[in-house]
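Worksheet: one structure, shown below.
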Amino acid sequence: MAKKAKKLGRLNLKEMRGLINKKAGIEIAHSLSEDNPTNVRRWIPTGSRWLDSIICKGKLAGIPVGKVVEIAGQESTGKSYMAAQIAANAQKMGIDVVYFDSESAIDSTFLEKTGCCLGDTPPDDMGWFMYTQAHSVETVLETIEELLGTNDNSMLFIWDSVAQTPCLTDIEGDFNPQSTMALKPRILSKGVQKLTQPIANTQSTLLVLNQLKTNITSNIAEAMTTPWFTPGGKALSYTYSLRMWLTSRKAKASFVTDDNGFRVGSEVKVTLKKSRFGTQGRQCTFKILWGGADIAIQDEESWYEAVKISDSIQQSGAWYALCYEDGTIEKFQASRWKEKIQDEKFRNRILQLMDEEIIMRFEKKEGKAEDFYDIDGDEAETA
């Protein structure tokens, strides 16, 4: 017969947390009035201010530290570049980066162009960068678990990509897909569930890159409403705190070309497919250059489209008029935006409008909803 617990009278919250943590053997009960693993205390910039402005309601954010995040996209939409840019920004914050590459497509030149520090002894205020091949799903999950338990610094794990990483049975078996059907989703589901709490407790981050694949189905209604799906199983999506889907813009040509017509980048639309920060469904757009001398998000160029809905910007033919807070007017042309944004006064006013239009107006629910959710109007793609 089980021994009855001794009555201690009414416990206060501190005593109750102590009792629960002692029973569990680890700290699982926390005070929500103090710092705890559920709070996002830091955000890693994505490289796009517009994207950072729409991720969390009421603030300028980025990739949430302590959470599991997915970036999924079509081919040539810049998923790996975005991951490398996020890695470089994480290093500058003192966060150590581990990059799991299943596609053997990342090279040092590419990473250095995005700003990553690849040396074995980075500066004291920067995190280190470790590259490893994603040999199998099991190896990746076990490596993350081992590093979370041994390294006492905040870490960013980038998995590029989960869709291309085989499980051990795939490697050791034959080429018959029927023999391992549904095995990988089960391993992923169990593994990520197991890692979610350690990631939060160590203030680390798991950034999963995935592919958007065409949903082939005989159900016409389903094909129209859900044209894409991500490999890895549906259970994995419940673990993500943030899901960003990158698709080609429908309203414009999806490729960016140079003066001679060569493709040097992609214009993509980002949709927040899932967000636990009050912003699900929001969209932004920007260009990513990857095929020329530069590898970069054209961040400042995207600000023009972000703020042109503001009442402080009026259009008359090919000219725009920007109204400052003191009532003065400055005229400019969209074709000279890249040059104009370098002017400090003009730039500061545009950044102020971005905060007002993208962050504050959404929080206060001012204006039209389509200004925040629907970038391409009637041609918008349901993702």
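Given R₀ = 45 Å, FRET efficiency for residue 152-residue 110 by Cβ-Cβ distance, to 0.05?
With R0 = 45 Å, the Cβ-Cβ based efficiency is 0.90.
Strictly over 27 Å apart at the Cα level, which of 57/287; 23/59; 287/340; 67/338; 184/273 would you flag in this model?
Violating the 27 Å limit, Cα to Cα: 23/59; 67/338.
Which distance in Å, rounded to a whole number, links the C-alpha centroids of the stretch 354-371 and the stretch 233-311?
A separation of 19 Å, based on Cα centres.
Figure the gain on full extension for residue 11 and residue 135 (residue separation times 0.36 nm, minus the Cα-Cα span) and round it to one decimal in nm.
39.6 nm
Could you check the simple spin-label distance between residue 300 and residue 169, using points 7 Å along Cα→Cβ, in nm with one decimal?
Going by the 7 Å Cα→Cβ label model, 5.4 nm.
Quick one: if the Förster radius is 45 Å, what FRET efficiency do residue 293 and residue 26 give, using the C-beta to C-beta distance and rounding to 0.05?
0.35
For the chain, take the longest principal axis of its alpha carbons; what is the angle in degrees between that and the long axis of helix 183-201, to the nearest 10 within 0 to 90?
Once rounded, the angle reads 90 degrees.
Out of these labelled values of percent of Cα pairs over 34 Å apart, (i) 29; (ii) 36; (iii) 26, which was calculated from the coordinates shown here?
Label (ii) holds the value from this structure.
Could you give me the radius of gyration and the Dmax of the stretch 1-107, taking only the C-alpha atoms into account and expressing both in angstrom?
21.1, 64
Return one number: the angle in degrees, 0 to 90 and rounded to the nearest 10, between the long axis of the Cα atoms of helix 344-354 and the longest principal axis of the Cα atoms of the chain.
60 degrees
Modelling each spin label as a point 7 Å along the Cα-to-Cβ direction, I'd like the residue 346/residue 93 distance in nm, to one decimal.
For residue 346 paired with residue 93, the spin-label model returns 3.2 nm.
Fewest first, what order do 190, 287 take by the number of other Cβ atoms within 10 Å?
Exposure proxy ranking, most exposed first: 190, 287.
Quick one: which of 314-321, 233-240 comes out on top by average Cβ neighbours within 10 Å, and what's the full order, highest first?
Put in order of decreasing packing, that is 233-240, 314-321.
Once both axes come from the Cα atoms, what is the angle between helix 137-150 and the longest principal axis of the chain, in degrees from 0 to 90, rounded to 10?
Its long axis makes an angle of about 80 degrees.
Every number here is computed from the coordinates shown, using simple stated rules; none is lab data. The model shown is predicted, which means the values in this text are computed figures rather than measured ones. FYI the Cβ positions are ideal-geometry reconstructions off the backbone, even for glycines, and counts take in every protein chain you see.
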